[in-house]
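The values are calculated or read from the model by the stated rules, or taken from the named source; none is laboratory data. Note that the coordinates shown come from a computational prediction; the quantities given were computed from them, not determined experimentally. Neighbour counts are summed over all protein chains in view; Cβ atoms, including those assigned to glycine, are modelled from backbone coordinates with ideal geometry. Protein only, heavy atoms only, side chains kept; ligands, DNA and RNA dropped before computing areas. Shrake-Rupley method; radii C 1.70, N 1.55, O 1.52, S 1.80 Å.
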Amino acid sequence: MDSVEKLYRNYEILADAKEKILEHEKEYIEILEAVKGSGNEKRLASQFITRFFKNFPHLVDKAIDAQLDLCEDDDIAIRKQAIKELPSFCKENKEFVPKIADVLAQLLQTDESSELIVVHAALMTVFRISAKDTLGGLFSQILNGEEIVRERAIRFLNNKIKALPSDVMTKELEEYIFQESKKHTDSDSVVRVMQCIRQAMPFFNPYVGSGRFVQYVCNQVVPVLGNLPTIEEGVDVTLELLKLLADMSPSAVNMEENQKCLEIVFNKLLEYMPLPPSDENVENSTPSDEPSLQLSHVECLMYTFHQLCKQNPEFLSSEESAERLKDFKLRLQYLARGIQGYIKKLRAALQGKKGEELKTEENKLKVVALKTTSNINTLIRDLFHNPPSYKSTITLSWKVPNISTTKTSESSPTGPKRSERTPITFDEGPKQAKKAVPSNKGEREIYIPPSGKYSTKVKNFQAPSGVRGGRGRGFSRGRGRSYRDRFY
């Protein structure tokens, strides 16, 4: 008896066994093993596996695994037959719907049009079994899958969901789709936000406010800055978004949620501004106690805070804010000590340099670092007033200054775009901490961070221009992550 005839005989035995079917486990296992046989055996196995899997619950994992092997077969006819049978696993047990929908979403990456039609049909079948669970499987791939899978899953939903009858597309399902859609945090979304802001930026002025854009960034972006995806190697997404926020902040006049946005920006700024060590720890400070400051981020956040406080000066000067102001001034004073020594070193390093000397990569970065630190120092002086002042005007370090209005002592040749976009950090080497000299007014001793080379964490990058995020990995059947990895 050849293999095909044996498969037919096993089918007949199982079909006739009825309540005694568990006595014929051997025949069902032979059907599962047929997925490794000839083309005809595989085609028969793809139909017989789903016909009897419910009768052998202890073999369900093996049955699904075997069917997924057939979904990856080199023969398109076998793949199509196996895909067509996948929804059968869900008809008897709805708990399989999210997993089968997840697998079918991955299969959307095929370039064979006839195979894609079968995948669509299979997805519509499981939709009719459980629409919400099917959406769960699809959104799993939209949020976490490969670029091509995400795109095609979204396209499938956009094209097919409108055709669902009202008894399937209920109000509950519409709300579920809305809530799931709010979760997309992929790199494409980040790029779209940045591009949208850049397109709107030229229109902002004292008469056309940027308030709604600033509110969006403060409420939706700033709180999750640490969780943003990478859009391109070498691009600091956090810094690029903070720069855009700083650029918009002068035009955010009469903003409805000024107080809420100030709270968010202020709290984020504090994350970049460490407190000085307590008095008892000053002399025993070790290099691990030294601050590592991301000065470019500090410049953006401090400038944004300075601009928003112009509209709401009570944020730091009301009676309720006394404790907040006290803590803030300690941080400002601590930061100022380090910044001022840093500025002196940068000016000394650039002293007398001109022409070709200033065109070296290192000197270009020093020029940008000097702009950044000088801006922070100016803002600190304003905020340290009693009450805090908001009168100073600065040119942000990544912008080309107006030479006619820039003080000679602080102006330097502007480096190329690559250098201007380099994040400036203050990260000292392992030197011994120094004790500050106490003032005559009995002020608290302030820890002075050791000075050194202006930055050890500079990374060059280009700001994105129409960058489109993606995982950069194409589909190769049988390689990489298997469907069953997602299934289990």
Practice item. Would you work out if the stretch 1-125 is rounded, prolate or oblate? Take a ≥ b ≥ c from the square roots of the eigenvalues of the alpha-carbon gyration tensor; rounded if a/c is under 1.5, else prolate when a/b is larger than b/c, oblate otherwise. Key: oblate
Point to revise | Ratio Rg/Rh, restricted to the stretch 130-240 and using Cα atoms, in which Rh is the Kirkwood radius | key: 1.06
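If packing is taken as the mean number of other Cβ atoms within 10 Å per residue, what is the order of 40-48, 266-274, 111-119, highest first? Display every interim value, and only then the final one.
Details: 40-48: 21.0, 266-274: 16.7, 111-119: 14.4.
Sorting 40-48, 266-274, 111-119 by mean packing, highest first, produces 40-48, 266-274, 111-119.
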**Study point:** Label-point separation, N40 to R128 (7 Å along Cα→Cβ), nm
**Key:** 3.3 nm
Review point. How much solvent-accessible surface does R155 expose, in Å² to the nearest 10, with a 1.4 Å probe and all protein chains in place?
Key: 130 Å²
Review point. What residues qualify as long-range amide H neighbours of Q294, i.e. H under 5 Å apart, gap of 5 or more or another chain, H built at 1.01 Å from N?
Key: F426
Check your understanding: Efficiency by 1/(1 + (r/R0)^6): what FRET value for I29 and D167, r their Cβ-Cβ distance, R0 = 41 Å, to the nearest 0.05?
Key -> 0.50
Point to revise | Members of K243/K364; K84/K132; K36/K160; K329/K359; K62/K94 lying beyond 29 Å, as alpha-carbon distances in this model show | key: K36/K160; K329/K359
Exercise for review: Would you mind pulling out the separation of the Cα centroids of the stretch 40-75 and the stretch 213-255, in Å?
Suggested key: 50 Å
Study note, to complete from the structure: Across the alpha-carbon set of the stretch 1-53, Rg over Rh with Rh taken as the Kirkwood radius works out to 0.94
Review point. Using the scaling law 2.2 N^0.38 Å as the reference, what is the normalised Cα Rg of the stretch 284-379?
Key: 1.34
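Under the Kirkwood approximation for Rh and a Cα-based Rg, what ratio Rg/Rh is obtained for the stretch 189-228?
Details: Rg = 11.1 Å, Rh = 11.0 Å.
A ratio of 1.01.
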